[in-house]
Amino acid sequence: MNQIAHQIRYCWSPASLLGTRGMGPVESTLPADVLATWDRYLRDHVWAAGTRPGFTFVVRDGVGALLRKVATAAEDGRPGSAAHALLSPELKAADALGLTSWDGWDAPALSVLPWSALAPAADRGLSELRARARALPADRLAALFAQVLHAPGEGFTVIGEPDPLAVTCALGDLIGETPTFASDEASDTGPHLPTAVFLREASFSSTTATRRRIAPAAPLADPALSSFAVAAVDAYAADGMDGIALTRRAKPPADLVETREWVSAAQFAPGVLADVGRLPRLSPTAWQSLAREDALQRVAAAAAAASPAVLARALDERLPEYLLAVIVPAAVAAASGTPGDPALLERLAQFGPIPLDLVAGSLPADVDQLARITHVLLTPRDRRIVLEQAARDLPLTGLIDWIDRQAPADPAGALAMYSALCARAGRASQEDVEALVSRGGLAGAVRQFSESGQQSSIHLVTLLRALPRGALDPDAVAGLAAHVDPVLLHALDTIVTDPSARADIHYQVRLAYYQEHLLHEPTALLPGDGPPGDGSAEPQAPRRRWHGIRRHQPHHNHGKPT
Amino acid sequence: MSVVHCPICQKRIDWDPTPPYRVSDNGVAEPLVRDPRIAEAAWQDQLVRAYRPCGEVGHPGTHLLPYDYAKYTPVSIGMIGHSRAGKTHLLAAMIYRLCSNDPVLRGLDLQVGPLDLAVHQRYVAEYITPLIGHRRQLGGTPAALVEFCDALKVTNTRNGRSFALTFFDLAGERLERASDDELQFYSSAQALVFVVDPESIPRRAGPGTGGDVSFEVALRRLDARARPPAARSFHPVAAAVVVAKADLIRFEDRLVSDWLAVGSAEEEVELSTVERESEDVYAYLSQRGATQWLRPAQECYRSTLHFASATNGPASDGTFPGAFRQCRVLKPLLAVFAMTGILDESALLPPSEEPG
């Protein structure tokens, strides 16, 4: 029977397919022996209670059976019933609800149907029914839901409900599993009834009712369940399945103990669903109910587990500060993830600048991410504090690299990191110094966050002076000077005292000058002419050990990124 | 009486210690506890509408019996017949006539009233009023639920004995099921009304046909009952075999026509004609080869046979036309009363055999 659906039609007959007289199967796609078995399961469900079609869904041996039954007049005019059953292992309760609006009921001839032909109708029908379910009066639905919650594993009967199918759909959506159902019955005292049974009225029976009778007007003895039901129904009515997605259980609770656990876990506080995305929709009264330490802890925990999309929905200027104070850090943490969430960060930016103490624990460890997040969210001062702090944990070579790489795009961030670098420069290793030399002493980066060449030079002097004694040996100085950067040369000229090194510096200063003015060097300085040996102030031209080093064009755009 | 058996499920009930229950507006049984402030008369009034359960309330298959059920001699009457034999219409017409307070009934010294007011009101609303008041054809009986459809208290004022009558009218397809654990009334019913569908019997003399499966099931299940020594070859139950819908065959056989013609109220309560009518019905069925339908009359210790019509004509578009009336519907029930001791059994004797 997999992937297909069988059909059976019931009505009164003097001789049914099973040879019986009375209400029995008169048309079927099932083999005769299987039909007899299913008739035993279905024959107590085939009687219509009234003129409008009633639907019953039951499951036996893993096969779902949906019956549509209608009151009829037989040939002799006697009122009776007719029923049409669909059977398939693929048929679940939610599908059955959707198929109540299937257009194949009462088709003239029955045939085996591929499930693929029914599934779209089931989906479409369920969607339409769910729209009806969301439009049910919320107070009635909440009352019913609260009563179902009280004994979730038990069957129940609803009396006088105008739209039983919509209520079944809503209760199934809310509790996590669509129940088996009978939408229109005359009695609920018989055996083998589905979970949800709907009676038009409370009829008297000599057989005691064993099923719970639930009614919208029944008083609710349990305020905890009631407040949860009201909140869940409100969310369902407003946003459908999305509204309860975060609080809905994968499986319905089995008993009251599980219900209470669920109700507790699914609320920040009584009447407030544990869905941070819904917080902006709540009333100020509901917000006030969250102004408790335990409630705020729940909000924080939920926010920490929420997706960036949910957090983006949760961020709302109208929320009281005590709520924002727990949501924003979680949103910062989410936005700081890998990959980050641009939409969430953009939403967070609308709340900036954010106090540092609010987000300090939520900031990313990755320096690139940190720089990006702090750039959007913090004041420059706070950001500098954060970046300087982060820089303390970076290897100096990494820090040098970061400054060199990021300065054009993020000069303020580079400045902060540069400050940290200066603070740690006294512990620079030979490798660190070589990294610094290879990047031209970061002169290019420094220029990005300096207002002038003079200031750039001062920054560079600060760094170079902070290096360990002896770190700037002649080779290092020569390497730095070879970059022919005026501010770097200026800085070197400021701090280097070794005559030989200074000769190199001045040589590079001269070269820089000539290059700046598109002049060739004087002939005497050309290689092979030999250095001036008169002991004058002019330094000897150094050997060209560093000719392989690329010479940077000097920069003059002091300050800002190019 | 401190021990009774539930007429529906046959569970033993220790009656006196069983506490009373009331049925709330939503149909749920709740313990009825006396408010110490109310007067005795008010408490008794509550008890009149109260019930005692045959088991633990809230457990499946527990039934509610009228609080004073055990004060009276129980008499259960079951309708037997296949689907659309005419059981429901016949029983509704019977109960309507029995409860009609017709002056002719006073001659029988019977007082009739509801035993279970809620059940009786439901029965009147769902069966008697549509059929008698609105002349509407009644719907088929759903097969799902097994319980009595009406409960009456009948008192024979001549001897002062009161009886608790419970009527079972179940779906024909259910009565045909060979194995049905829920159907327990066969083991205790004092009387069975076997309803013969005249449209199902053979039309002329010849070999008998298969008969009515529900008759076979009932008789087979009666086999289980203990039989009194004096009548070992018979089922210990009163059987009234009623050819229902007799209006459909009145023009096929003069016998039927004649009996329907004498269906006045006075004649209906005259039980001395029952034997003659039984002979005629027996002959009618025998001549048509309907011998299978005669088995209840042959196998039950006490039996009578009747012609009756609950509507005096077939329905048209779900309603009964102008000639609508009930013909001889009460007589089979009164015959059952006589066979079960509610009435004096001697009332069934023909005039010549009446005890002198």
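The values are calculated or read from the model by the stated rules, or taken from the named source; none is laboratory data. Every value quoted in this text rests on a predicted model; they were computed, and no experiment measured them. FYI the Cβ positions are ideal-geometry reconstructions off the backbone, even for glycines, and counts take in every protein chain you see.
Quick notes on this structure:
- Residue within the stretch A:267-282 that is without any contact (Cβ under 8 Å) to a residue 24 or more places away in the chain, more than 30 Å from B:Ala29 (Cβ to Cβ) and crowded, with 18+ Cβ neighbours inside 10 Å present: yes
- Residues (modelled with pLDDT under 95, of a type in the set (A, V, I, L, M, F, W, C) and not in a loop (DSSP other than H, G, I, E, B)) located in the stretch B:328-356: B:Ala347, B:Leu348
- Pick from the stretch B:1-54, criterion charged (D, E, K, R) and within 14 Å of another protein chain (Cβ to nearest Cβ), ranking: surrounded by the most Cβ atoms within 10 Å (Cβ to Cβ): B:Arg52
- Unique match (being over 30 Å from B:Ala125 (Cβ atoms) and in contact (Cβ under 8 Å) with a residue 12 or more places away in the chain) among A:Asp184, A:Asp163, A:Asp222, A:Asp188: A:Asp222
- Conditions (1) surrounded by 20 or more Cβ atoms within 10 Å (Cβ to Cβ); (2) more than 14 Å from chain A (Cβ to nearest Cβ); number of the one not met by B:Ala143: (2)
- Residue in the stretch A:102-120 that is in a loop (DSSP other than H, G, I, E, B) and polar (S, T, N, Q) present: yes
- Number of positions in the stretch A:330-374 that are in contact with a helix residue (DSSP H, G or I) (Cβ under 6 Å, 6 or more places away or on another chain), in a helix (DSSP H, G or I), small (Gly, Ala, Ser) and under 26 Å from A:Glu293 (Cα atoms): 6
- Summed over the stretch A:314-329, residues that are assigned to a helix (DSSP H, G or I) and surrounded by 19 or more Cβ atoms within 10 Å (Cβ to Cβ) total 7.
- Enumeration of residues in the stretch A:377-395 that are part of a helix (DSSP H, G or I) and surrounded by fewer than 17 Cβ atoms within 10 Å (Cβ to Cβ): A:Pro380, A:Arg381, A:Ile385, A:Gln389
- Single residue of the stretch B:153-175 satisfying the filter (within 14 Å of another protein chain (Cβ to nearest Cβ) and touching a Gly at 6+ places or on another chain (Cβ under 7 Å)) that is nearest to B:Thr340 (Cα to Cα): B:Phe168
Condition check ((1) in contact with a strand residue (DSSP E or B) (Cβ under 6 Å, 6 or more places away or on another chain); (2) at pLDDT below 90; (3) more than 30 Å from B:Thr62 (Cβ to Cβ)) across all residues:
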| position | (1), (2), (3) |
| --- | --- |
| B:Ser76 | yes, no, no |
| B:Asp116 | yes, no, no |
| B:Gln137 | no, no, yes |
| B:Val146 | no, yes, no |
| B:Lys153 | yes, no, no |
| B:Asn159 | no, no, yes |
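- Lone qualifier among A:Leu518, A:Leu442 - being buried (at least 18 other Cβ atoms within 10 Å of the Cβ) and not polar (S, T, N, Q): A:Leu442
- Hey, A:Thr157 out of contact with any Lys or Arg (no Cβ under 8 Å at 6 or more places or on another chain) and either more than 29 Å from A:Arg281 (Cβ to Cβ) or among the basic types (Lys, Arg) (or both) or not: no
- Among the conditions (1) surrounded by fewer than 16 Cβ atoms within 10 Å (Cβ to Cβ); (2) more than 10 Å from chain A (Cβ to nearest Cβ); (3) touching a residue at least 60 places away in the same chain (Cβ under 8 Å), B:Leu117 misses just one, which is (2).
- Only listed residue being surrounded by fewer than 23 Cβ atoms within 10 Å (Cβ to Cβ) and either within 13 Å of another protein chain (Cβ to nearest Cβ) or touching a residue at least 24 places away in the same chain (Cβ under 8 Å) (or both), chosen from B:Asp212, B:Asp150, B:Asp223, B:Asp197: B:Asp197
- Strands (runs of 3 or more DSSP E) contained in the stretch A:190-278 and holding at least 3 residues away from every other protein chain (no Cβ under 14 Å): A:267-269
- The requirement of being closer than 17 Å to B:Ile342 by Cβ, in contact with a strand residue (DSSP E or B) (Cβ under 9 Å, 6 or more places away or on another chain) and buried (at least 23 other Cβ atoms within 10 Å of the Cβ) is fulfilled somewhere in the stretch B:92-106, by at least one residue.
- Residue tally, condition part of a helix (DSSP H, G or I) and among the basic types (Lys, Arg), over the stretch A:423-482: 4
- Just one of the listed residues (A:Thr259, A:Thr247) is touching a Leu at 6+ places or on another chain (Cβ under 7 Å) and under 20 Å from A:Thr157 (Cβ atoms), and it is A:Thr259.
- Residues that are under 16 Å from B:Leu117 (Cα atoms) and within 11 Å of chain A (Cβ to nearest Cβ) within the stretch B:55-68 comprise B:His63, B:Leu64, B:Leu65, B:Pro66, listed in sequence order.
- Each residue in the stretch B:272-316 was checked for being closer than 17 Å to B:Gly86 by Cα and either among the polar types (S, T, N, Q) or in a loop (DSSP other than H, G, I, E, B) (or both), and 9 pass.
- Top-ranked residue of the stretch A:191-208 - restricted to ones that are of a type in the set (Gly, Ala, Ser) and without any contact (Cβ under 8 Å) to a residue 40 or more places away in the chain, ranked as farthest from A:Val263 (Cα to Cα): A:Ser206
- The set of residues from the stretch A:19-70 being within 14 Å of chain B (Cβ to nearest Cβ), among the aliphatic types (A, V, I, L, M) and in a helix (DSSP H, G or I) comprises A:Ala36, A:Leu42.
- Every test in (1) more than 9 Å from chain B (Cβ to nearest Cβ); (2) over 29 Å from the mean Cα position of the chain (by Cα) is passed by A:Ile159 save one, and that test is (1).
- Conditions (1) touching a strand residue (DSSP E or B) at 6+ places or on another chain (Cβ under 9 Å); (2) surrounded by 17 or more Cβ atoms within 10 Å (Cβ to Cβ); (3) within 22 Å of A:Thr180 (Cβ to Cβ): number failed by A:Leu136: (1)
- Scanning the stretch A:76-99 for residues that are within 14 Å of chain B (Cβ to nearest Cβ) and either modelled with pLDDT under 95 or in contact with an Asp or Glu (Cβ under 7 Å, 6 or more places away or on another chain) (or both) returns A:Asp76, A:Gly77, A:Arg78, A:Pro79, A:Gly80, A:Ser81, A:Ala82.
- B:Thr129 being more than 14 Å from every other protein chain (Cβ to nearest Cβ), of a type outside the set (Asp, Glu) and farther than 25 Å from B:Arg250 by Cβ: yes
- Residue among B:Arg174, B:Arg122 that is under 29 Å from B:Tyr282 (Cα atoms) and either in contact with an Asp or Glu (Cβ under 9 Å, 6 or more places away or on another chain) or at pLDDT below 90 (or both): B:Arg174
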